[in-house]
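The values are calculated or read from the model by the stated rules, or taken from the named source; none is laboratory data. Keep in mind it's a predicted model, so treat the numbers as computed, not measured. Virtual Cβ from ideal backbone geometry, glycine too; neighbours counted across all protein chains shown. Surface accessibility is based on the protein's heavy atoms, side chains included, excluding ligands, DNA and RNA. Shrake-Rupley method; radii C 1.70, N 1.55, O 1.52, S 1.80 Å.
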Amino acid sequence: MTRDKTDFWVGLFVLLGIIALAFLALRAGNLSSFSFAPTYKVQAHFDNLGGLKVRAPVKSSGVVVGRVAALSFDNERYQAVVTLDLESQFQFPADSSASILTSGLLGEQYIGLTPGGDDKMLASGSTIQYTQSAVVLEELISKFLYSSASDKGGEDAGAPASP
């Protein structure tokens, strides 16, 4: 009888471990928030996606209103194309803007939608015209370093020559 109890508790512990591993795998793959709500597809063009990934959230005012469905490249415009799946219950004006934002300093990237003021709404297959690309930390650091180096060089060049 004690052997049966021990086997039961070991089995329960193993089952809980498997459930915990499955939960962590879903969270790591950003698949834990599946939604079966009806959606409509919208596209947006960006110069730089940074670290944006498929299944990244699309948020408006901090509320998740959709997910990134696909990332591709437009060979004619030389820009990245992001396809968004927006939930049908959330309607946005046609002149809305999309920005690639970051959660925290080094967190995951997501799309932020800012509603416009147009009377016409985005529909399936439409394109968001106003976009802002991701801010890449390495580019900011290099701009800062080069601008401070050129400022120092500019001060030395403008100084009067000593006799």
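Conditions: (1) more than 26 Å from Leu140 (Cα to Cα); (2) crowded, with 18+ Cβ neighbours inside 10 Å; (3) at pLDDT 90 or above. Thr39 meets all but one. Number of the miss?
(3)
Which numbered condition in (1) open to solvent by 60 Å² or more (accessible area, probe 1.4 Å); (2) within 18 Å of Gly116 (Cα to Cα) is the only one that Asp47 fails?
Every condition holds for Asp47 apart from (2).
Within segment 71-85, which residues are of a type in the set (S, T, N, Q) and open to solvent by less than 30 Å² (accessible area, probe 1.4 Å)? If you could, list the steps in order and put the result at the bottom.
Taking segment 71-85 and keeping what is of a type in the set (S, T, N, Q), we get 72, 75, 79, 83.
If the condition is that a residue be of a type in the set (S, T, N, Q) and open to solvent by less than 30 Å² (accessible area, probe 1.4 Å), then Thr83 is the only one that fits.
Can you name every residue in segment 69-86 that is touching a residue at least 12 places away in the same chain (Cβ under 8 Å) and either in a strand (DSSP E or B) or within 12 Å of Asn48 (Cα to Cα) (or both)?
The first filter runs over segment 69-86 and keeps only residues touching a residue at least 12 places away in the same chain (Cβ under 8 Å), leaving 69-71, 74, 77, 79-86.
Matches in segment 69-86: Ala69, Ala70, Leu71, Asp74, Gln79, Ala80, Val81, Val82, Thr83, Leu84, Asp85, Leu86.
Among the residues of segment 131-151, count how many are among the aliphatic types (A, V, I, L, M), open to solvent by 60 Å² or more (accessible area, probe 1.4 Å) and closer than 23 Å to Phe46 by Cβ.
4
Pick out the one residue from Gly51, Gly116 that is among the small types (Gly, Ala, Ser) and farther than 25 Å from Val136 by Cβ. Let's see the steps before the verdict.
Numbers: Gly51 fails: farther than 25 Å from Val136 by Cβ.
The unique qualifying residue is Gly116.
Checking Leu49 against (1) without any contact (Cβ under 8 Å) to a residue 40 or more places away in the chain; (2) not in a strand (DSSP E or B), only one condition comes out false. Which one?
Here Leu49 meets the rest and fails (1).
Return the only residue of Ser60, Ser103 being closer than 29 Å to Ala28 by Cβ, open to solvent by less than 50 Å² (accessible area, probe 1.4 Å) and modelled with pLDDT under 90.
After applying the criteria, what remains is Ser103.
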